[in-house]
Amino acid sequence: MEKNQRKLNKYKIQQMIVQFLPLVALVVLFLVFCAVVQTKGYRLDMYLKIVFNEGIVLAVVATGAIFIYSLGSFDISLGAATLFSATMGVLNYNAFENVPLMIVVIGVSGIGCSLLSSILASIFHIPVFVATVAMMSVLSAVSAQIITSRGGALGGISIPSNVLKSLDVPAFKIVTLAVFFLLCLYVFNFTKIGRREKFIGGNPVCAKLTGINYNKHAIIGFCIAGLSVGLGAFLTLVYTPSVTATTASSLGMNILVAIVFGGMPISGGADSKIFSAIIGGFSYILLDNALELIFDSSSGYGITQIISAVFFLLVVYAASMNYRTKTLPR
């Protein structure tokens with residue numbers, strides 16, 4: 001009995017460590033980033049602004065992506081969908097010069113891209129990996145073709161810089177992220193949609209036997225992710241009112257890494273945590289920018305990627321401490 005109690009206490013301690021580790025890592029990475037910037041002699045406020053703007057977009061899109069990853073699924077086309085949505089927004093504004101209409105077009109484009117991915121995966125039963133890779137290629141190619149045909153092969157296409165300049169302030173971006181995050185938090189933790197999505201990710205067979213419709217909840221999850229894509233595309237235009245063929249090119253993979261950095265298992269299920277999107281998003285951006293400053297030459301790019309990959313594996317290993325192989329998580 002005493003031996004079992006010790007094992008239980010050890011397991012509880014491990015769970016507490018795993019739960020707080022991502023937050024501790026975020027604080028450590030922030031301090032390391034500030035130290036690196038100061039050591040290099042650069043302006044800290046300028047680099048913090050860069051991290052803030054990149055982190056906001058990543059955190060917003062990753063928050064919506066949590067609904068996909070909690071199902072035990074994934075979508076690496078979210079970056080291409082963000083590029084496509086931003087491209088549609090720029091084209092719409094240049095044609096009609098109407099900001100509210102541009103926002104609607106961006107949102108509809110983001111939801112439409114994710115909805116198409118969900119239909120291919122859930123209705124036509126195309127493997128998720130194949131469907132999302134195909135969508136990533138198609139959306140990137142279409143966006144690049146539009147940008148090139150509009151004369152933006154080099155500098156991209158853009159809207160006038162003063163259109164959204166008044167929104168390019170930290171207060172607006174923080175409020176936008178906070179409102180969207182709180183809405184997603186409520187849906188994910190306090191409604192049957194979130195509970196059922198985590199149930200499906202934990203045990204899809206059991207979920208099906210209890211009458212939960214996988215296709216329905218997959219479409220809902222992808223649509224919420226599409227909404228986050230539209231919001232991320234809009235925030236991208238607020239920060240940089242131009243779109244090039246490389247805009248948000250690495251966002252899809254960054255979301256996957258960020259979610260894991262935030263302490264969420266990539267298998268989804270009951271251990272899915274929506275806070276992982278914000279914590280992991282800013283953690284990854286801090287790590288990436290710190291490594292770029294440390295290895296600032298072109299030859300250092302490979303070293304940066306290797307260090308990021310090792311850090312990623314360490315986080316995955318640490319998160320695996322929370323898994324139990326013989327009983328379902330409670």
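The values are calculated or read from the model by the stated rules, or taken from the named source; none is laboratory data. Here the structure is a predicted model, which means the values were calculated and not measured. For neighbour counting, all protein chains shown are included, and Cβ atoms are generated from backbone atoms with ideal geometry for every residue, glycine included. When the accessible area is computed, the model is the full protein with side chains, heavy atoms only, and any ligands, DNA or RNA have been set aside. Shrake-Rupley method; radii C 1.70, N 1.55, O 1.52, S 1.80 Å.
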Condition broken by V243, with the remaining ones in (1) aliphatic (A, V, I, L, M); (2) at pLDDT below 90; (3) in contact with a strand residue (DSSP E or B) (Cβ under 6 Å, 6 or more places away or on another chain) satisfied: (2)
Which numbered condition T246 misses (of (1) surrounded by fewer than 20 Cβ atoms within 10 Å (Cβ to Cβ); (2) more than 18 Å from the chain's Cα centre (by Cα)): (2)
Flag if I147 is closer than 28 Å to I224 by Cα, of a type in the set (A, V, I, L, M, F, W, C) and in contact with a Gly (Cβ under 8 Å, 6 or more places away or on another chain): yes
Test result for K49, basic (K, R), farther than 20 Å from S272 by Cβ and in contact (Cβ under 8 Å) with a residue 40 or more places away in the chain: no
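With the requirement that a residue be outside any helix (DSSP H, G or I) and open to solvent by 10 Å² or more (accessible area, probe 1.4 Å), what does segment 221-243 give you?
Passing the criteria: T240, P241, S242.
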Residues of segment 111-163 that turn out to be part of a loop (DSSP other than H, G, I, E, B) and either open to solvent by 50 Å² or more (accessible area, probe 1.4 Å) or basic (K, R) (or both), as a count: 12
Tabulated pairs, segment 105-121, first under 15 Å from G252 (Cβ atoms), second open to solvent by 20 Å² or more (accessible area, probe 1.4 Å) and modelled with pLDDT of 90 or more, C-beta under 7 angstrom, 6+ apart or interchain: G110/L227; C113/F84; S114/C223
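Conditions (1) open to solvent by 50 Å² or more (accessible area, probe 1.4 Å); (2) among the small types (G, A, S); (3) at pLDDT below 95; (4) within 20 Å of S276 (Cα to Cα), marked per residue:
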site	(1), (2), (3), (4)
V175	yes, no, no, yes
L183	yes, no, no, yes
P204	yes, no, yes, no
A207	no, yes, yes, no
G211	yes, yes, yes, no
I219	no, no, yes, no
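Here is a yes/no grid of residues against (1) of a type outside the set (G, A, S); (2) surrounded by fewer than 22 Cβ atoms within 10 Å (Cβ to Cβ):
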position	(1), (2)
I259	yes, no
G262	no, no
P265	yes, no
K273	yes, yes
I278	yes, no
S283	no, no
E292	yes, yes
D296	yes, yes
Filter result for L287 (touching a residue at least 40 places away in the same chain (Cβ under 8 Å), under 19 Å from V32 (Cβ atoms) and surrounded by fewer than 20 Cβ atoms within 10 Å (Cβ to Cβ)): no
Any hit, segment 71-83, residues being surrounded by 22 or more Cβ atoms within 10 Å (Cβ to Cβ) and touching a Cys at 6+ places or on another chain (Cβ under 6 Å): yes
Yes/no for E97 being open to solvent by 10 Å² or more (accessible area, probe 1.4 Å) and closer than 16 Å to Y239 by Cα: no
